[in-house]
Amino acid sequence: MISSLLVFQYGQARIWYAMSRDGLLPKLFSAVHPRFKTPHISTWIACFAVGIPAGLVDIGDAADLANIGTLFAFVLVSLGVIILRRRQPDRKRAFRVPFCAVVPADLDLLCGGLMTGLTVITWLRFVIWLGLGLLIYVFYSRHRSELRRSRELVLSRELSVVSQDALSS
């Protein structure tokens, strides 16, 4: 479990770094150390966010939360594969997967089945964390997203072209 927590800690710092670059978190999380070229502030935040609870929380509860989070991530990825295969069938794929219509659906069922075996308190904690993350997204990230800004810029350019065409005719 210690190695899992260490990997989560380092992985979380990199996830925060990427999210910060995309505007989903404050720029503080994408600050890079001048000498080591690593996201040092997000690494320290992850250190305290993972290390302190790891020392205070029961190891079984920590394992259950890690399990439900990982299984939920697998479910989301496999659902994303199914949705992309249906909505964008002509999209270039980097590699081929045999039985690509069956594997993601089976993965959803298997991960969902494993998730149902977890305790009610684990589900409650998971739903609370998920709700907290959604609140952060709705009230902070959605408005500062670089993807949203680029789409709004393209849309405003298209609208200006349309309005100029309407005025000229």
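Each value in this text was obtained by applying a stated rule to the coordinates, not by laboratory testing. Being a predicted model, the structure only gives us computed values, none of them experimental. Please note: Cβ atoms are built from the backbone with ideal geometry, for glycine as well, and neighbour counts cover all protein chains shown.
Counting other C-beta atoms within 10 Å, which of V77, V120, V102 has the fewest, and how do the rest follow?
V120, V102, V77
PRE reach from W123 (point 7 Å along Cα→Cβ): which of the stretch 68-90 fall under 20 Å by backbone N?
68-76, by backbone N distance to the label point.
Starting from the stretch 20-69, pick out the trypsin sites (Lys or Arg not before Pro) whose DSSP state is loop and whose Cβ has at most 16 other Cβ atoms within 10 Å.
R35, K37
What's log10 of I(q)/I(0) for the stretch 46-144 at q = 0.24 Å⁻¹, Debye sum over Cα points only, no solvent?
Result of the Debye calculation: -1.20.
Under a point-charge model restricted to the Cβ atoms of Lys and Arg (+1) and Asp and Glu (-1), what is the dipole moment magnitude of the stretch 19-90 relative to its Cα centre, in debye to the nearest 20?
Numbers: 7 positive and 5 negative charges, 105 e Å.
Dipole of the stretch 19-90, to the nearest 20 debye: 500 debye.
Using unit Cβ charges (K, R positive; D, E negative) and no other charged atoms, how large, in debye to the nearest 20, is the dipole of the chain about its Cα centre?
Numbers: 19 positive and 11 negative charges, 147 e Å.
In total the dipole reaches around 700 debye.
Bin width 5 Å, alpha-carbon pairs only: give the P(r) of the stretch 2-168 as whole percents, running from 0 to the bin holding the largest distance.
1, 7, 10, 13, 15, 16, 14, 10, 6, 3, 2, 1, 1, 0, 0
Hey, fewest Cβ within 10 Å first, where do S42, S30, S160 land in order?
S160, S30, S42
Of the chain, which part is the longest with no chymotrypsin sites (Phe, Trp or Tyr not before Pro) in a loop (DSSP not H, G, I, E, B) and with at most 14 other C-beta atoms within 10 angstrom?
100-169
Give me the net charge for the shell around V57: Cβ to Cβ below 14 angstrom, other residues only, Lys and Arg +1, Asp and Glu -1.
On the way: positive: R125; negative: D58, D61, D64.
Residues near V57 contribute -2 overall.
As an exercise, use a Förster radius of 35 Å and the Cβ-Cβ distance of A66 and S156 to find the FRET efficiency, rounded to the nearest 0.05.
0.20
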